[in-house]
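Following: one structure in structure tokens, then a few remarks.
The values are calculated or read from the model by the stated rules, or taken from the named source; none is laboratory data. Bear in mind the structure is a predicted one, so any value in this text is a computation, not a measurement. Here the Cβ positions follow ideal geometry from the backbone for every residue, glycine too, while neighbour counts run over all protein chains shown.
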Amino acid sequence: MTKNRANRADDKDDDEDRKALGERLREAREYLGFSQEEVAAFLGVSRSALSLMETGQRKVDALELKKLAGLYKRPVGYFTGDEAEDFSFGADVKHLARKVSQLSADDRQELGRFADFLRTRKQKKEG
């Protein structure tokens, strides 16, 4: 294979990887009910830059990916395809995730404490 052909094959692989990453980012954002505007503001980029990331037309740098993984509560490896993660939750859990995403950070922390309380209460009843 000539050098040019090898470079084109690598470029094609990079394009496919970037598109797959973008698709995972878009799905995670939509799953949590965030708008592109909200996520772009969180990252400090324009909405159009985020749109280009989600379509695979713009590279996502490592720091941006780390921030997005934290926001979306998924490991970086999930987005890069290095780790598979099962997010096959029922409709009720998906509904709750969308509602929770609309709460303030303080309210989400309070909700987390309440969930811990409910889990502890259930364990005491069972055990």
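A few points about this structure:
- Of all residues in the range 71-80, those being over 8 Å from the mean Cα position of the chain (by Cα) and surrounded by fewer than 15 Cβ atoms within 10 Å (Cβ to Cβ) number 3.
- When Phe114, Phe87 are screened for being out of contact with any helix residue (DSSP H, G or I) (no Cβ under 7 Å at 6 or more places or on another chain), modelled with pLDDT under 95 and loosely packed, with under 11 Cβ neighbours inside 10 Å, only Phe114 passes.
- Screening Leu52, Leu96, Leu68, Leu63 for residues that are modelled with pLDDT under 90, among the hydrophobic types (A, V, I, L, M, F, W, C) and either out of contact with any helix residue (DSSP H, G or I) (no Cβ under 6 Å at 6 or more places or on another chain) or within 20 Å of Arg18 (Cβ to Cβ) (or both) leaves exactly one candidate, Leu96.
- Number of residues in the range 30-50 that are in contact (Cβ under 8 Å) with a residue 60 or more places away in the chain and outside any loop (DSSP other than H, G, I, E, B) equals 2.
- Near pairs, Cβ below 9 angstrom, 6+ apart or cross-chain, from the range 107-121 (closer than 14 Å to Ala97 by Cβ) to any residue that is not hydrophobic (A, V, I, L, M, F, W, C): Arg108/Ser101
- For the range 30-44, the candidate set comprises residues that are surrounded by fewer than 16 Cβ atoms within 10 Å (Cβ to Cβ) and of a type in the set (A, V, I, L, M, F, W, C); within that set, the residue that is farthest from Arg74 (Cα to Cα) is Ala41.
- Condition check for Glu27: part of a helix (DSSP H, G or I), of a type in the set (D, E, K, R), modelled with pLDDT under 95 and surrounded by 12 or more Cβ atoms within 10 Å (Cβ to Cβ): yes
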